[in-house]
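A quick write-up on the structure given underneath.
The values are calculated or read from the model by the stated rules, or taken from the named source; none is laboratory data. A quick note: this is a predicted structure, and the numbers were derived from the prediction, not measured. With ideal geometry, Cβ positions are generated from the backbone for all residues, glycine too; neighbour counts draw on all protein chains shown.
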Amino acid sequence: MTVQEFWDYLIPGIALGALYAVIAIGYTMVYGVLQLINFAHSEVFMVGGFAVLMVFTKIDFNDPSVGMSVLLVLLGFATAGFAGAGTAFALEKVAYRPLRKRNAPRLAFLISAIGASFLLSNLAGKLFGRNNHSLTIPFENKKVFTVMNAQVTVLQVLIVCSAVIMMIGLDLLVNRTKMGAGIRAVAQDAETAGLMGVDIDKVISRTFIVGGLLGGIAGFLFAMNSSVGYTMGFFPGITAFAAAVVGGIGNVRGAMLGGLLLGLVESFSSPLFGEEWRYVSAFVVLILVLMFRPTGILGERLGRTA
Amino acid sequence: MSTITRPEADERDMVVMDLAKLRRVPWYRQPRWTRLFGMVLAAALLALATGPNASTDDIFFSVNESMTDGVRLPVCIALMVAFWAFFEFVPKAPVERAKATARANTVDMPAWQNTKKAFDKTPVKLGALAVVVVVLAVLPLFISTRWNQVLVGNVAVYVLLAIGLNVVVGWAGLLDLGFIAFFAIGAYSTAFWTGSLPTKPPVELNPFLAMPIAVVTCLIAGVLLGAPTLRLRGDYLAIVTLGFHEIVYLIANNANGFSGGSGGATNIPHPSVHLGFLDYEWELDPKPYWWLIMGMAAVVVFLFIRLEHSRVGRAWTAIREDEIAAAANGVNTVKYKLMAFAIGASTSGLAGGVYASKTGFISPESFKLMFSVLVLAYVIFGGMGSIWGVMVGTALLAWLPEYLKDWVDENDRITYLGALLVIMMIYRPQGLIPSRRRKRELTLAKEGIGDADAMTEPAGGRIA
């Protein structure tokens, strides 16, 4: 790999990593409060993409001005965020809450989430067709500046900036607000938190909403970068989940770090080993990291595991 | 017999209603009416799911059509509201009520005991088993070729797989999301030793001789995956096995020189027996394969039942319940965990070998991650830990999509399967036929004693 190639692949890698980080936060937050893999989170991501596709198709803009572009992007964020949050909220109500009320075994949650994921993705395939739709980008995707001769496009800047803003916002939300304190309390010990007057159901609902909001927006950003399709959530979903685990699941900053790491690894493995191996590399890194740090990079006390 | 009393279901509902009155919760936030709202939303979903398919040029076509076209939406809403009204307002029949009370008041369900006691006698059990085996053995003679193909290609192969996964997940409590990887390894090594891959083996073997090699290969693969992941628990293990699956899948898909790439392997020979007096070759007809796989499954099931009640099976249970306590009591957790992985993997390899030589053609398409997830879903659906439950559940769920083919668009089958899984997990999380031990664990957990599932230690998760 030449130096030039390094820079050429570094920038898309950062953009991809930022996206993974945002999705991984959704996994890690749900894991934090429920100790469950939210297998349907990839579908939240997909719904975000489709919601924006529908709105943009309805508006049917053509070569918008700069002000209009900004408005459209903001509209895209709002739509995707709303759709994602709504889907995540509904998912929690349908696939998680009834099971929680019955004190169901852990694996039952996993299966109901998988079922919901099958349902949503195939329903989307039926409603919108099983081919990929390209999402019209509401601005001219030209290069903004170059770093060591590698181009940086508007879209990449947008992705990285919005991801960073979302992550900072989330960090503040979790660490500085009353709601964040509730989330942390439930994550640490749900029963005790309940005895202390935290409304556990509400906290869990809100956690899903926050995770879904980020997931939906990530879906919109991802759709601009590639396309919208009913299986679009699958690979980003499992990679982001891997990222959450690499960082130490349940740990929000770990998820950000893990996402960035896997994004870079995936991007760099294309020139190093060939395009077709890019998905393998992320999992090889995952396994290597877990072999040496069984609880992820930033780690997290995992029960009584030695 | 321990009896633990608890408030009846209705009583609890009453309490909730009284609380609602005390707190002055507005009517639209009371459970009954939120449930109605949910039902209306479910009706919209139903209308969308049963509506027309998408058209290529207008992405709104399908949504618009199914929402506005004719009476679809009103009918769906009426149906769901009727459901709601039935469960909310029609009083339960007195007999049902008495049964529910009896069930609710005791953990051990005495209402069942008489029938169960009769069934538990060994001769009765063996007789029932014999009847089932005979029915299954003659089943292919009475159904069409298409259903025979389904029976062998989907049901039988997946039942074999699910029996294997049940050892890993149901007994040892190790969450494996990449089980189909071993199926693929089994199928590919059978293809390799029969000389159907681009890379040629030193000697080309009959599939019957290749299958044991495939089983051993899977066993080794199982240990290789198991060894580095022994320190991991629960969900960490899940993601590693998932990653392992993806690695195997992508190698099968990309290593053109070795595995034939996305085209896969073709012309894998059918198994045949040439043993002096016995000379038989399995060909295209699916029926003989059914008997072959039934024989294999019978042997495997027999061995596994012996295993379940042996020292090994008890060690697995101990590990599943509490690994630390098991280790403290002298269970060699490393050995037994590896054993579970290896045994599960080799069963999967056997299924892979049969599958490869039956279809004569394999490609990475048959080993996608979705199938790993599906097998796990089958095991949980059937009732993990109970070998009979797993077999019945898998057979049912593997058959259902094929049956749905006659009724709905082929691409939509997974939608219904997903809905079924969600509903099943809400109303019967223990699965179709739960094992006796799991049933007890679950009932106790409902009473608030212990955990239903020691699969993953509560992580003490915190959001930092």
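It is to be established whether one or more residues within region B:195-207 are more than 27 Å from residue B:305 (Cβ to Cβ), over 24 Å from the mean Cα position of the chain (by Cα), at pLDDT below 90 and of a type in the set (D, E, K, R). Give the derivation first.
So the first thing to find is which residues in region B:195-207 are more than 27 Å from residue B:305 (Cβ to Cβ), and the list is B:195-207.
Restricting the remaining residues to those that are over 24 Å from the mean Cα position of the chain (by Cα) gives B:195-207.
Among the residues that remain, those that are also at pLDDT below 90 are: B:195-207.
Filter again for of a type in the set (D, E, K, R), leaving B:200, B:204.
Checked against the condition, which is being more than 27 Å from residue B:305 (Cβ to Cβ), over 24 Å from the mean Cα position of the chain (by Cα), at pLDDT below 90 and of a type in the set (D, E, K, R), region B:195-207 yields at least one hit.
Residues that are closer than 24 Å to residue A:47 by Cα, out of contact with any His (no Cβ under 7 Å at 6 or more places or on another chain) and not in a helix (DSSP H, G or I): does region A:201-209 have at least one?
No; the residues of region A:201-209 include none that is closer than 24 Å to residue A:47 by Cα, out of contact with any His (no Cβ under 7 Å at 6 or more places or on another chain) and not in a helix (DSSP H, G or I).
Quick check on my filter: what residues within region A:220-240 are in a helix (DSSP H, G or I), in contact (Cβ under 8 Å) with a residue 60 or more places away in the chain and farther than 20 Å from residue A:140 by Cα? Steps first, answer last, please.
To start, the set of residues in region A:220-240 that are in a helix (DSSP H, G or I) comprises A:220-225, A:234-240.
Imposing the further condition that a residue be in contact (Cβ under 8 Å) with a residue 60 or more places away in the chain reduces the set to A:220-225, A:234, A:236-240.
The answer is A:234, A:236, A:237, A:238, A:239, A:240.
Condition first: crowded, with 17+ Cβ neighbours inside 10 Å and in contact (Cβ under 8 Å) with a residue 24 or more places away in the chain. Now tell me which residues in region A:90-106 satisfy that.
Within region A:90-106, A:91, A:92, A:95, A:96, A:106 meet the criteria.
Residue B:248 is checked against (1) of a type outside the set (Phe, Trp, Tyr); (2) at pLDDT below 90; (3) under 21 Å from residue A:284 (Cβ atoms) and fails just one. What number does that condition carry?
(2)
Taking the options B:402, B:410, B:457, name whichever one is among the acidic types (Asp, Glu), modelled with pLDDT under 80 and assigned by TED's automatic domain parsing to the domain that holds residue B:150. Steps first, please.
Details: B:402 fails: modelled with pLDDT under 80; B:457 fails: assigned by TED's automatic domain parsing to the domain that holds residue B:150.
From the options B:402, B:410, B:457, the qualifying one is B:410.
Given the structure, is residue B:73 surrounded by 13 or more Cβ atoms within 10 Å (Cβ to Cβ), within 20 Å of residue B:407 (Cβ to Cβ) and away from chain A (no Cβ under 14 Å)?
Details: surrounded by 13 or more Cβ atoms within 10 Å (Cβ to Cβ): yes; within 20 Å of residue B:407 (Cβ to Cβ): no; away from chain A (no Cβ under 14 Å): yes.
It is false that residue B:73 is surrounded by 13 or more Cβ atoms within 10 Å (Cβ to Cβ), within 20 Å of residue B:407 (Cβ to Cβ) and away from chain A (no Cβ under 14 Å).
Considering only residues that are in contact (Cβ under 8 Å) with a residue 12 or more places away in the chain and over 21 Å from residue B:210 (Cα atoms), look in region B:262-282 and name the one that is nearest to the other protein chains (Cβ to nearest Cβ).
B:262
Restrict the check to region A:283-300 and report whether at least one residue is aromatic (Phe, Trp, Tyr), closer than 21 Å to residue B:245 by Cβ, surrounded by fewer than 19 Cβ atoms within 10 Å (Cβ to Cβ) and at the interface with another protein chain (Cβ under 10 Å from one of its Cβ atoms). Working first, answer last.
Kept after step one, since they are aromatic (Phe, Trp, Tyr), are these residues of region A:283-300: A:283, A:292.
Subset that is closer than 21 Å to residue B:245 by Cβ: A:283.
So of that shortlist, the ones also surrounded by fewer than 19 Cβ atoms within 10 Å (Cβ to Cβ) come out as none.
No: region A:283-300 contains no residue that is aromatic (Phe, Trp, Tyr), closer than 21 Å to residue B:245 by Cβ, surrounded by fewer than 19 Cβ atoms within 10 Å (Cβ to Cβ) and at the interface with another protein chain (Cβ under 10 Å from one of its Cβ atoms).
Cβ-Cβ distance below 6 Å, separation of 6 or more or different chains: which pairs start in region A:187-200 with a residue that is within 12 Å of chain B (Cβ to nearest Cβ) and under 18 Å from residue A:250 (Cβ atoms) and end on one that is modelled with pLDDT under 85 and surrounded by 11 or more Cβ atoms within 10 Å (Cβ to Cβ)?
Cβ pairs passing all conditions: A:187/A:32; A:187/A:33; A:187/B:461; A:187/B:462; A:187/B:463; A:188/B:462.
State yes or no: is residue B:354 part of a loop (DSSP other than H, G, I, E, B) and either more than 18 Å from the chain's Cα centre (by Cα) or not acidic (Asp, Glu) (or both)? It would help to see each step written out before you state the result.
Values: part of a loop (DSSP other than H, G, I, E, B): no; either more than 18 Å from the chain's Cα centre (by Cα) or not acidic (Asp, Glu) (or both): yes.
Taking the combined requirement at face value, the residue does not satisfy it.
Within region B:21-57, can you find the residues that are assigned to a loop (DSSP other than H, G, I, E, B), loosely packed, with under 12 Cβ neighbours inside 10 Å and of a type outside the set (S, T, N, Q)?
Taking region B:21-57 first, the residues assigned to a loop (DSSP other than H, G, I, E, B) are B:24-26, B:30, B:51-57.
Next, only the ones that are loosely packed, with under 12 Cβ neighbours inside 10 Å stay: B:24, B:26, B:56-57.
Answer for region B:21-57, where residues must be assigned to a loop (DSSP other than H, G, I, E, B), loosely packed, with under 12 Cβ neighbours inside 10 Å and of a type outside the set (S, T, N, Q): B:24, B:26, B:57.
Please verify whether region A:237-246 includes one or more residues that are in contact with a His (Cβ under 7 Å, 6 or more places away or on another chain) and not β-branched (Val, Ile, Thr).
Here is the first cut: in region A:237-246, the ones in contact with a His (Cβ under 7 Å, 6 or more places away or on another chain) are A:237.
Right, trim to not β-branched (Val, Ile, Thr) and you get A:237.
The answer is yes, given that some residue of region A:237-246 is in contact with a His (Cβ under 7 Å, 6 or more places away or on another chain) and not β-branched (Val, Ile, Thr).
At pLDDT 80 or above and within 7 Å of chain A (Cβ to nearest Cβ): does that describe residue B:228?
Details: at pLDDT 80 or above: yes; within 7 Å of chain A (Cβ to nearest Cβ): yes.
Yes, satisfied.
Given the criterion over 23 Å from residue A:204 (Cβ atoms) and either in contact (Cβ under 8 Å) with a residue 40 or more places away in the chain or in contact with a Cys (Cβ under 6 Å, 6 or more places away or on another chain) (or both), identify the matching residue among A:79, A:57.
On the way: A:57 fails: either in contact (Cβ under 8 Å) with a residue 40 or more places away in the chain or in contact with a Cys (Cβ under 6 Å, 6 or more places away or on another chain) (or both).
So the residue among A:79, A:57 that is over 23 Å from residue A:204 (Cβ atoms) and either in contact (Cβ under 8 Å) with a residue 40 or more places away in the chain or in contact with a Cys (Cβ under 6 Å, 6 or more places away or on another chain) (or both) is A:79.
Give the residue that is surrounded by the most Cβ atoms within 10 Å (Cβ to Cβ), with candidates limited to residues of region B:221-231 that are free of Cβ contacts under 8 Å to residues at least 40 places away in the same chain and out of contact with any helix residue (DSSP H, G or I) (no Cβ under 6 Å at 6 or more places or on another chain). So that I can check it myself, show each step before the final result.
Pass one, region B:221-231, residues free of Cβ contacts under 8 Å to residues at least 40 places away in the same chain: B:224, B:228-229, B:231.
Those left that are additionally out of contact with any helix residue (DSSP H, G or I) (no Cβ under 6 Å at 6 or more places or on another chain): B:224, B:231.
On the way: B:224: 14, B:231: 17.
Of everything passing the filter in region B:221-231, B:231 is surrounded by the most Cβ atoms within 10 Å (Cβ to Cβ).
Is one or more of the residues making up region B:240-253 within 30 Å of residue B:332 (Cβ to Cβ), touching a Cys at 6+ places or on another chain (Cβ under 8 Å) and in contact (Cβ under 8 Å) with a residue 24 or more places away in the chain? Give the steps one after another, and end with the answer.
Start the filter on region B:240-253 by keeping residues that are within 30 Å of residue B:332 (Cβ to Cβ), which leaves B:240-245, B:247-248.
Then drop every residue that is not touching a Cys at 6+ places or on another chain (Cβ under 8 Å), which leaves none.
No, region B:240-253 has no match at all.
Could you tell me whether any residue of region A:72-84 is surrounded by fewer than 24 Cβ atoms within 10 Å (Cβ to Cβ), under 21 Å from residue B:43 (Cα atoms) and either within 8 Å of chain B (Cβ to nearest Cβ) or not small (Gly, Ala, Ser) (or both)?
no
Tell me the residue from B:8, B:96 that is surrounded by 13 or more Cβ atoms within 10 Å (Cβ to Cβ), more than 13 Å from chain A (Cβ to nearest Cβ) and either touching a Phe, Trp or Tyr at 6+ places or on another chain (Cβ under 8 Å) or modelled with pLDDT under 75 (or both), please.
Working: B:96 fails: surrounded by 13 or more Cβ atoms within 10 Å (Cβ to Cβ).
Result of the check over B:8, B:96: B:8.
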